[in-house]
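What follows is a single structure, written as structure tokens, with notes after it.
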Amino acid sequence: MAETEKPKTKARPIVRLGIFLISHSIFFSVICFSAGVLALLLLPMFAMNTYISENALMPGSANTMLSGQEVSEANDLVKDLKGLNSKSGSTIFGSQQILAQYISNLGAEVNYHRFQPQSSQFHPLHFFSSPDSGIVQDNVSCMTQGINTVGIIRAPQADGKEAIVLVTPYNPVKTSLHETLSLGIAYSIFSLLTQVSWLAKDIVWLAADSRYGEYAAVSAWLRDYHTPSFGRSNMIDTYTCAETNVLYEFEANHVTEKESLDDFKRAGTMAAALVIKVSNRSEHFEDSLSVYAEASNGQMPNLDLINIVNYLAEHRQGFRIKIEKFWPLLDCKWLKFLGEFFESIGKFIRSLNPEWKFGMLASDYVDGTATLASSLYYQAVGIPTGSHGAFRDYQIDAITVEMSPKFSSGVKVRRDEFILRGGRLIEGVVRSVNNLLEKFHQSFFLYLMVSTSKFVSVGVYMIAFALLVAPLPAVAASLYSYANNSNLTLEKIEPAAPANSDDELIVSLRSWKWLNAAKRVFVVHLWGAVVSLLPYFISQIPGYSPTTNSIIWALLSLLTLLILSVILGSPLSSTKSYEQRIQEWAFLKAMTTSAAFIGLCLMSVINFATAELGAFLVVSMCLLAHPLKLDLVAGNFKALSRAASNLVLGFIAFPPVTFFLFKAALQGFDNLHLGDFWNWMETLWAWNSATFLYLGMVHLPCWVLCTQILLHPC
């Protein structure tokens, strides 16, 4: 009786699906990448209306209390600060003295915060620390140290565990008219808050000395606020500074001991922070307001904070809300055509069923796309758009509110009205935040703005990124399978021999041939890390221009790549047989695609906007990369088109070329200089932007590996 064979177990559906996608990787890649691009283009149409998620905020539910009395007091402060600029012989510390005296007159606590200027020098060990953790500049004297003026109101209805921070940056050496106006707005609301009984959180007013940059002053104060100090060994002794004694020369009835003014005073945990600025640009028609929210590496404050500012500014105080746009897109003809196409599709869909809401006006689509591109760009660059970014490093929700008046700062009647409206806006925001019983958490922290009243949440725009990178693992698996199958084909040609232990060892070694390609990928990524560290050593050389530094960086990068290639083996060796070289480039592309997929996914955790923009070029390079020699030998239309596309894409995707093309689109080719790329990269590493690491350790190695695939001697 014949033995019955056991039926084969059926593979799981997920395994069968994976095998199907791998076997149809080309079709799957085209579909996913096209869908990813289409999803990005459709993002403005899937934007949601903004709304207040946290019910406790209740913006505009209470009547404003700011009156003409506080505005009059604020005008006195503005007048004194303006008079200080015109007074001959006034010291640079006169403005701090005036501010401290006004704060003391209100009965609030006041103190000075001294900080030392720091140089923004690249250091690899400081890269993931705060942006101002640089080297303290030498020869710091009493006249060169920065001095912030801090006022604190203790809330009568609280235990001092929470606080709201108001920040007004200004230059005490030469305080401009718009800076005095921002100080006046902050003082008017600060004066009101010393009188109210409903305050449940402490109020901290930081008049930041911006001589060395707004961010540096705010960040230095935040660092000392959150770090216990056990001495003043690193600061200049205030008793030996005769230049700063003017800070303590109050009037007789407002004498404060010197030690109490220098003691660092703290309030509670910061619930939110507002940076108040008045633009030096005057509007022609009406007062306007701009909100800047981007912090380091694409971090954003809770959307509720932006929504309450926009709501109160537009619906309570009559400000016109402005938002940043990518202006070249507004005149882009293909974008207008795309908007008209989507508008016609929307009309057709609504004609079938009026309840189906799809499509938007072409003008709204173009405007929304320009705004979304601007939001995506500023998040991807990873550089804060204002001093509010220093708060985000401590997980504190903060924004910069910049008001633009429609008058000259010297017109007193309109100035009083502007201070009143600006003060009432800040009062409304403080009231809303004061109502919170916990930190902002209800609304979104990951989003892209499409307009002042529309946004795209992470749950929507991550779909486009997922579609863009989805083909990478499928292509890598398909190429790995192809390379292994080609190895098996070669084995079938050879005559069969009895199996023994030596044959099993040979088969085992052949199955590990991908390690050679993995070694090459590792070498190139190691080189990318070296290239990322080279600016630290180049910046140590004094007296070189940005153009010279760029040339040195390029030459050293090429030299290190050649050295690593010689030490660990040249990736363009042609001593192998034709079949082995075919197998080699397939393994190399599989490993390159896998590394690109891992790099993009890791970058999406740090800065999603950078990963989304980078996926365009990186995924395109990985999918199209194919040896030029094979395409030229084939000679058909498909092969030649792929070769031409690879050459064009390889040129555009080179980081310096991408930068110059982008800058030329914004400013024209007349303003391009070779040293601009070095200046931009220097800015990225000075702000510890993760985009710098992405370019050096993900994008550039991927470009080099794809170039090696194109030049592979098949």
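The values are calculated or read from the model by the stated rules, or taken from the named source; none is laboratory data. These figures come from a predicted structure and were not determined experimentally. We place every Cβ from the backbone using ideal geometry, glycine too, and count neighbours over all the protein chains shown. Please note that ligands, DNA and RNA were not included when accessible areas were found on the heavy atoms of the full protein model with its side chains. Shrake-Rupley method; radii C 1.70, N 1.55, O 1.52, S 1.80 Å.
Computed values, structure above
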| quantity | calculated |
| --- | --- |
| Matching entry among Gly368, Gly298, Gly318 (being exposed (fewer than 15 other Cβ atoms within 10 Å of the Cβ), closer than 29 Å to Glu54 by Cα and either outside the structural domain of Phe616 (by the TED database) or more than 16 Å from the chain's Cα centre (by Cα) (or both)) | Gly318 |
| Filter result (assigned to a helix (DSSP H, G or I) and of a type outside the set (A, V, I, L, M)) within the range 364-383 | Asp364, Tyr365, Asp367, Gly368, Thr369, Thr371, Ser374, Ser375, Tyr377, Tyr378, Gln379 |
| Residue satisfying all of: in the range 61-85; assigned to a helix (DSSP H, G or I) and within 36 Å of the chain's Cα centre (by Cα); farthest from Ser182 (Cα to Cα) among these | Leu81 |
| Residue selected from the range 622-642 under the condition closer than 21 Å to Pro655 by Cα and open to solvent by less than 10 Å² (accessible area, probe 1.4 Å), by the criterion farthest from the chain's Cα centre (by Cα) | Ala625 |
| Residues (in contact with a helix residue (DSSP H, G or I) (Cβ under 6 Å, 6 or more places away or on another chain) and farther than 17 Å from Leu42 by Cα) located in the range 327-370 | Pro328 |
| Any chance Val619 is part of a helix (DSSP H, G or I) and either open to solvent by 30 Å² or more (accessible area, probe 1.4 Å) or closer than 27 Å to Pro535 by Cβ (or both) | no |
| Residue within the range 432-449 that is within 18 Å of Tyr51 (Cα to Cα), outside the structural domain of Leu193 (by the TED database), out of contact with any strand residue (DSSP E or B) (no Cβ under 6 Å at 6 or more places or on another chain) and not acidic (Asp, Glu) present | no |
| Scope the range 186-221; condition under 14 Å from Pro169 (Cβ atoms) and touching a Leu at 6+ places or on another chain (Cβ under 9 Å); matching residues | Ala186, Trp205, Leu206, Ala207, Ala217, Val218, Trp221 |
| The range 647-662 - residue that is surrounded by 14 or more Cβ atoms within 10 Å (Cβ to Cβ) and over 23 Å from the mean Cα position of the chain (by Cα) and, of those, farthest from Ser557 (Cα to Cα) | Leu649 |
| Breaking point among (1) crowded, with 17+ Cβ neighbours inside 10 Å; (2) touching a residue at least 40 places away in the same chain (Cβ under 8 Å), for Ala665 | (1) |
| Answer residue from the range 689-714, given it is in a loop (DSSP other than H, G, I, E, B) and open to solvent by 20 Å² or more (accessible area, probe 1.4 Å) and is nearest to Asn297 (Cα to Cα) among those | Leu711 |
| Single residue of the range 45-60 satisfying the filter (aliphatic (A, V, I, L, M), assigned to a loop (DSSP other than H, G, I, E, B) and open to solvent by 30 Å² or more (accessible area, probe 1.4 Å)) that is farthest from Asp364 (Cα to Cα) | Met58 |
| From the options Leu312, Leu305, residue that is touching a residue at least 60 places away in the same chain (Cβ under 8 Å) and touching a strand residue (DSSP E or B) at 6+ places or on another chain (Cβ under 7 Å) | Leu305 |
| Selected residue [in the same structural domain as Ala611 (by the TED database) and modelled with pLDDT of 90 or more] from Ser457, Ser532 | Ser532 |
| Among (1) surrounded by 16 or more Cβ atoms within 10 Å (Cβ to Cβ); (2) modelled with pLDDT under 90; (3) within 31 Å of the chain's Cα centre (by Cα), the one test that Asp416 misses | (3) |
| Cross-chain or 6+ apart pairs with Cβ under 8 Å, the range 578-593 first and over 11 Å from Tyr482 (Cα atoms) and open to solvent by 20 Å² or more (accessible area, probe 1.4 Å), then modelled with pLDDT under 90 and of a type in the set (D, E, K, R) | Met591/Arg520 |
| Qualifying residue in the range 597-611 (condition: in contact with a Pro (Cβ under 7 Å, 6 or more places away or on another chain) and in contact (Cβ under 8 Å) with a residue 40 or more places away in the chain) | yes |
| Test: His441 is surrounded by fewer than 20 Cβ atoms within 10 Å (Cβ to Cβ), under 21 Å from the mean Cα position of the chain (by Cα) and touching a residue at least 60 places away in the same chain (Cβ under 8 Å) | yes |
| Qualifying positions in the range 362-402 - under 15 Å from Gly339 (Cα atoms) and among the hydroxyl-bearing types (Ser, Thr, Tyr) | Ser363, Tyr365, Thr369, Thr371 |
| Verdict on Gly423 being at pLDDT 80 or above, surrounded by 21 or more Cβ atoms within 10 Å (Cβ to Cβ) and over 29 Å from the mean Cα position of the chain (by Cα) | yes |
| Leu330 vs. criteria in contact (Cβ under 8 Å) with a residue 60 or more places away in the chain and under 30 Å from Thr691 (Cβ atoms) | no |
| Which numbered condition Phe358 misses (of (1) outside the structural domain of Glu162 (by the TED database); (2) in contact (Cβ under 8 Å) with a residue 40 or more places away in the chain; (3) surrounded by 20 or more Cβ atoms within 10 Å (Cβ to Cβ)) | (3) |
| Residue in the range 191-203 that is assigned to a loop (DSSP other than H, G, I, E, B) and surrounded by 24 or more Cβ atoms within 10 Å (Cβ to Cβ) present | yes |
| Only listed residue being at pLDDT 90 or above, farther than 17 Å from Val37 by Cβ, of a type in the set (A, V, I, L, M) and assigned to a helix (DSSP H, G or I), chosen from Leu588, Leu600 | Leu588 |
| Extreme residue, modelled with the highest pLDDT, among residues of the range 384-413 that are among the aliphatic types (A, V, I, L, M) and in a helix (DSSP H, G or I) | Ala390 |
| Residues that are acidic (Asp, Glu) and open to solvent by less than 70 Å² (accessible area, probe 1.4 Å), drawn from the range 668-681 | Asp676 |
